[in-house]
1. Please specify each residue of the stretch 15-55 satisfying the condition of being in a helix (DSSP H, G or I) and either at pLDDT below 50 or of a type outside the set (A, V, I, L, M) (or both).
2. Residues of the stretch 75-133 being among the small types (Gly, Ala, Ser) and at negative phi, which ones?
3. Taking Ala159, is it in contact with a strand residue (DSSP E or B) (Cβ under 8 Å, 6 or more places away or on another chain) and aliphatic (A, V, I, L, M)?
4. Is at least one residue of the stretch 413-424 of a type outside the set (A, V, I, L, M, F, W, C) and closer than 27 Å to Ile129 by Cα?
5. All but one of (1) touching a Ser or Thr at 6+ places or on another chain (Cβ under 9 Å); (2) more than 27 Å from Ala265 (Cα to Cα); (3) not in a helix (DSSP H, G or I) hold for Thr82; which doesn't?
6. So, in the stretch 356-365, of the ones that are under 15 Å from Ile191 (Cα atoms) and surrounded by 13 or more Cβ atoms within 10 Å (Cβ to Cβ), which residue ends up modelled with the highest pLDDT?
7. What's the total number of residues in the stretch 425-448 that are in contact (Cβ under 8 Å) with a residue 12 or more places away in the chain, among the charged types (D, E, K, R) and surrounded by 14 or more Cβ atoms within 10 Å (Cβ to Cβ)?
8. Which count do you get for residues in the stretch 362-390 that are closer than 17 Å to Gly182 by Cα and under 27 Å from the mean Cα position of the chain (by Cα)?
Amino acid sequence: MQDRRNFLKTVSTGVTGSLVLPVIVPASLWGPSSPGNEIRIGVIGTGRIARSRNIPGVLKQKGVRIVAVCDLDSNRLSDAKTLVDDFYTKQSGKSYSGTLKYDQYGELLAHRDIDAVVVCTPDHWHAKITIDAVYAGKDVYLEKPMSLTIEEGRRISDAMNRTGRVFQIGSQYRSTEAYRYGCELVRNGRIGVLQKVDVRMPVDPAGGRQEVMPVPSSLNYDMWLGSTPEVYYTEDRVHPQSGYGRPGWLRCEQFGAGMITGWGAHLFDVAHWGMDCEHTGPVEISSTAQFPTEGLWNVHGDFSSEMVYPNGVVLTAGQESEEHPSGIMFSGSEGWLFISVGGLPVTSSDPVAIRFGKTLRASDERILTSEISDGETRLIVSNDHHTNWLDAIRTRGRAASTAEIAHRTCTVCLLQHISMKLGRKLQWNPVTEKFVNDPEADSMVARPQRHPYEIGNF
């Protein structure tokens with residue numbers, strides 16, 4: 001295993017070979033309200049979700065400072081620095097401009113005074129940055145989904161186990177009381193023996209401009225592509241050069257699997273939570289999907305899935321409709337319980353509007369008013385996802401969603417994607433994490449990685 005000292009020497013140079021370590025502003029400049037045990041955060045990736053959710057979510061916390069931001073787009077990097085600086089200026093009443101800017105995440109990780117990082121990059125960068133971060137001694141908050149491939153997710157979880165770092169995935173439903181309570185009701189038999197779970201979500205439209213465009217001078221495009229194949233630049237493949245609307249990379253299979261992982265990372269996580277299947281996965285997967293025949297964006301559209309779990313529960317999934325709104329339906333021998341995604345706000349640029357309604361519905365209202373007694377199953381309580389992560393850093397305990405749980409959630413999403421692409425039923429062993437007598441399917445558990453952006457060996 002590469003030792004931490006040699007790793008830091010390697011990662012601090014990034015891929016450019018240059019080492020720059022500016023000094024973080026001393027805590028004394030913040031005044032007496034800033035003790036030395038303050039958690040110092042670096043944000044890697046400063047786009048739409050970072051600006052709308054994760055940076056504000058961290059800034060509001062006590063005993064925490066965002067001291068550095070990192071992005072491969074210099075315009076977005078400057079915007080992020082301004083966002084953080086302006087917050088601390090307003091908070092203190094004194095002009096502040098000390099937030100550090102990095103265009104190479106390795107330089108940020110090499111800074112010893114940064115305790116933890118929030119990773120908000122596109123999916124194809126999640127695994128490498130997260131693994132590099134924990135071996136640099138940082139705790140990690142990672143935006144969902146866990147990884148681009150099943151193999152990458154396994155490597156993240158293994159890295160967390162080896163290093164003992166604190167990890168949280170951006171599955172905010174785990175920090176929402178109604179979702180937790182709904183899963184506790186299912187786990188404690190309020191609908192009888194669980195038999196079936198149905199997950200519904202929106203899907204992405206086709207489209208996307210395909211013309212070749214010059215790479216903006218503000219963007220390090222080669223590094224943005226990372227481990228994925230080299231392809232020409234066009235704005236709809238990356239992110240808007242003006243504003244923070246929904247980026248095109250979300251709809252390109254080179255960088256992610258589409259809504260099956262984008263929203264699936266939330267919804268299948270809740271499904272597993274209620275099913276008591278957080279550390280396993282399906283043994284049989286059968287998925288079909290429509291894929292675009294024109295345009296740049298090539299992730300799945302309408303889809304249908306059926307999966308069987310080791311406990312015999314059948315999990316089905318598909319796109320939302322008037323009859324089947326987005327959410328999770330748990331069906332048991334004595335009733336049903338539906339958890340709607342209308343319980344949390346989403347960004348205005350998501351592909352379809354949420355059908356708002358009561359977060360929890362059930363076949364009998366008495367199910368929703370029953371109390372969970374002391375002797376019954378209780379799930380981990382978290383009332384704010386970022387607070388939960390930071391509390392776990394302070395106590396060196398576990399956060400609401402561990403790396404292994406996040407990996408198993410992402411795996412069920414990617415298993416469906418593999419079945420969609422192959423167009424046939426698959427058999428999966430959730431213990432060995434291999435397909436049963438299916439080399440073709442096994443070949444899709446990982447992807448080739450382009451040099452020099454491969455995940456290192458640890």
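1. Ala27, Ser28, Leu29, Trp30, Arg48, Arg51, Ser52, Arg53, Asn54, listed by residue number.
2. Ser78, Ala80, Ser92, Ser95, Ser97, Gly98, Gly106, Ala110, Ala116, Ala127, Ala133
3. no
4. Looking through the stretch 413-424, at least one residue is of a type outside the set (A, V, I, L, M, F, W, C) and closer than 27 Å to Ile129 by Cα.
5. Result: Thr82 fails condition (3) only.
6. Filtering the stretch 356-365 for residues that are under 15 Å from Ile191 (Cα atoms) and surrounded by 13 or more Cβ atoms within 10 Å (Cβ to Cβ), the one modelled with the highest pLDDT comes out as Ser363.
7. Residues meeting the conditions: 3.
8. The qualifying residues number 7.
The values are calculated or read from the model by the stated rules, or taken from the named source; none is laboratory data. The structure presented is a predicted model; accordingly, all values stated were derived computationally and were not measured. Here Cβ is always computed from backbone atoms with ideal geometry, including for glycine, and neighbour counts include all displayed protein chains.
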